[in-house]
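Bear in mind that the values in this text are calculations on the coordinates, not laboratory data. Predicted model only: the values in this text are computed from it and were never measured. Virtual Cβ from ideal backbone geometry, glycine too; neighbours counted across all protein chains shown.
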Amino acid sequence: MSSISKSRRKFITNSAKGAIAASVGLSAAGTFIASCAEAKPIAKTLVFTNFDQQPLPYKYDALENVIDAMTMEIHYSKHAAAYSKNVKEAAAAEGVDVSKPLEDVLAKISKYSAKMRNNGGGHYNHELFWQCMRPKQIGNIATGNLQTAITKTFGSFDEFKKQFATAGTTRFGSGWAWLYVDAGKNLKIGSTPNQDNPLMDTSEIKGTPLLALDVWEHAYYLKYQNKRADYIENWWNVVNWDFVQQRFEKL
């Protein structure tokens, strides 16, 4: 074969390779561009709750001067741990897939046993409660869009605190006080008995919880005895408003 033929053959081969590479490149680029054009914003959703107890986000003594270390340790390692254990037992007995969100069960809690209701609610409520607190902050108030929404709904932040505290102090017996968002995207304050919460189809108040306050006596009795109002007044100092704000913005 002559040197001219060899050069011509090499040129044709390289040209073919270049064309294929260009074709692949354009195809990939076209796919990428199309995917960008078709991309939709990721839907904002709240973090789902599973059936396992999660680590406490701070040490037992981190909320001292508001909630003492012994109360936190007993509350977390005894009371809350029992709810997690018992709800998993109920799930196994009632054929519930524990890889799915606990919220799915709570939304249809009327179809399940009292054990599932009491312990599923207890587990969910406490998992949220721990996250709603952080070490004591000076001048601890809501900020940003949440503060604006609270002021618009309740007239002022102080009025919101007053109404929320009333929900907690007037809850007869054991239960919870809530700031939640109803189906109409309105901020609401309410309370539920025992371990019920606004997610449940059996609850008198319904919506998505933003802020949870435990007013069972075991949450405060070692430090405050029967003075629930004092417990609530001091509790405002440890509310994790950043966490509540994040939940609000994801709705």
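Some notes on this structure:
- Mean projected area in nm² (Cα convex hull; one quarter of hull surface) for region 95-140: 4.4 nm²
- Since only Leu187, Leu213, Asn226 are under comparison, the one whose Cα sits farthest along the positive direction of the charge dipole of region 183-251, derived from C-beta charges on Lys, Arg, Asp and Glu, is Leu187.
- Chymotrypsin sites (Phe, Trp or Tyr not before Pro) restricted to DSSP loop in region 172-218 with at most 12 other C-beta within 10 Å: Phe172
- In this structure, the pairs whose alpha-carbon distance is over 24 Å, taken from Lys136/Lys185; Lys108/Lys227; Lys78/Lys161; Lys85/Lys108; Lys108/Lys185, are Lys136/Lys185; Lys108/Lys227; Lys78/Lys161.
- Distance from the Cα centroid of region 134-172 to that of region 59-118 is 26 Å (rounded to whole angstrom).
- Here is the P(r) of region 69-249: all C-alpha pair distances, binned every 5 Å from 0, give 1, 8, 16, 21, 20, 16, 10, 5, 1, 0 in whole percents.
- Relative contact order [Cα under 8 Å, 6+ residues apart], region 69-249, whole percent: 26 percent
- Rg and Dmax [Cα atoms of region 198-249; Å; Rg one decimal, Dmax integer]: 13.5, 36
- Between Pro101, Asn197, Ala177, the Cα set farthest toward the positive side of the dipole of region 69-249 (charges on each charged residue's Cβ, about the Cα centre) is that of Ala177.
- Taking the convex hull of Cα positions in region 107-191, its mean projected area over all directions (nm²): 7.1 nm²
- The local environment of Gly144, defined by Cβ-Cβ distances under 12 Å, has a net charge of -2 under the rule Lys, Arg +1 and Asp, Glu -1.
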